[in-house]
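Colleague: I'd like to ask some things about the structure below.
The values are calculated or read from the model by the stated rules, or taken from the named source; none is laboratory data. This is a predicted model, so every value here is computed, not measured. Ideal geometry is used to build each Cβ from the backbone, glycine not excepted, and the neighbour counts take in all protein chains shown.
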Amino acid sequence: MKYEIIGNIVPAVECTLNSGETMFTQSGGMIWQSDGIEMTTNTKGGGLKSIGRLLAGESIFMANYTAKMDGSTIAFGSTVSGKIVPINVSNMEMICQKGAFLCAENGVKLEITLTKRLGAGLFGGEGFVLQKISGSGMAFLEADGDVVEKNLAPGESIKVDTGNVVAFESSVKYDIETVKGLKNVFLGGEGLFLTRLTGPGRVILQTQNFNDFISKIAAMIPRNNS
């Protein structure tokens, strides 16, 4: 499989497949395809895994696209303005936030994983359920806004505003800490909790928190009080 990321504002990834190669995505992820692509839909991994994906913010059913001739092309698009991040899953296992998964080769496994700490699950902005991407092949994640990558050394930590974490290697520890000081909590405008990520490992961040963006727009919509 060869791929090209197209566009800058709302990008897509176009994959060129040889005969027999398969890509899968959540329902609605495909935006165009050439002749020679066959589509099938299934729960990919069975009922329990599909329910887990639902909890993690993805659709129950996965669409599978298989090339029936060499050189067939198919493209998958991001949902909002941002970036598409390619991940070679053969080299690393990644933990992702809800909704970050876009598409992957057939050898990639997409599973739910539970946060290990109660505090992280309750207050981390992603609930108890995250997604684990493992196996072999290429996977593609979508991020809101621009992408910032950090490679944390052993014991090195970074504090991130809730909702700005896209993914991190499974070697990275994930926890939540409270913002210190009552004035900072109530007047700082940054919320009560921060996510702490501790290395070693790769961390992928996004500069926009789309949920916060939507909340600000919703607050400006006039309400009919009559």
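Colleague: Exactly one condition in (1) surrounded by fewer than 14 Cβ atoms within 10 Å (Cβ to Cβ); (2) at negative phi; (3) at pLDDT 80 or above is not met by ALA218; state its number.
Modeller: That leaves (3) as the condition not met.
Colleague: GLY163 is checked against (1) surrounded by 15 or more Cβ atoms within 10 Å (Cβ to Cβ); (2) within 16 Å of the chain's Cα centre (by Cα); (3) at pLDDT 90 or above and fails just one. What number does that condition carry?
Modeller: (3)
Colleague: Let me ask something additional. Could you tell me which residue of segment 12-28 is nearest to GLY82 (Cα to Cα), considering only residues that are part of a loop (DSSP other than H, G, I, E, B) and among the hydroxyl-bearing types (Ser, Thr, Tyr)?
Modeller: Quick first cut of segment 12-28, residues part of a loop (DSSP other than H, G, I, E, B) only: 18-21, 27-28.
After this cut, where a residue has to be among the hydroxyl-bearing types (Ser, Thr, Tyr) as well, the list is 19, 27.
Values: SER19: 31, SER27: 20 Å.
Of everything passing the filter in segment 12-28, SER27 is nearest to GLY82 (Cα to Cα).
Colleague: Same structure again: Say we look at segment 50-72 and pick out the residues that are closer than 26 Å to SER170 by Cα and among the polar types (S, T, N, Q); which of these is modelled with the highest pLDDT? It would help to see each step written out before you state the result.
Modeller: Filtering segment 50-72 down to residues closer than 26 Å to SER170 by Cα leaves 50-62.
From what is left, the residues that are among the polar types (S, T, N, Q) are 50, 59.
Working: SER50: 54, SER59: 62.
For segment 50-72, the residue satisfying everything is SER59.
Colleague: OK, next. Residues that are at pLDDT below 95, touching a helix residue (DSSP H, G or I) at 6+ places or on another chain (Cβ under 9 Å) and surrounded by fewer than 14 Cβ atoms within 10 Å (Cβ to Cβ): does segment 17-35 have at least one?
Modeller: no
Colleague: Among the residues of segment 185-207, are any part of a loop (DSSP other than H, G, I, E, B), closer than 12 Å to VAL160 by Cα, modelled with pLDDT of 85 or more and of a type in the set (S, T, N, Q)?
Modeller: Yes.
Yes/no matrix, rows are residues, columns are (1) within 19 Å of TYR174 (Cβ to Cβ); (2) part of a loop (DSSP other than H, G, I, E, B); (3) at pLDDT 85 or above:
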residue: ILE74; (1), (2), (3): no, no, yes
residue: VAL80; (1), (2), (3): no, yes, yes
residue: ILE87; (1), (2), (3): yes, no, yes
residue: GLY99; (1), (2), (3): yes, yes, no
residue: LEU110; (1), (2), (3): yes, no, yes
residue: LYS116; (1), (2), (3): yes, yes, no
residue: LEU122; (1), (2), (3): yes, no, no
residue: GLY127; (1), (2), (3): yes, yes, no
residue: LEU130; (1), (2), (3): yes, no, no
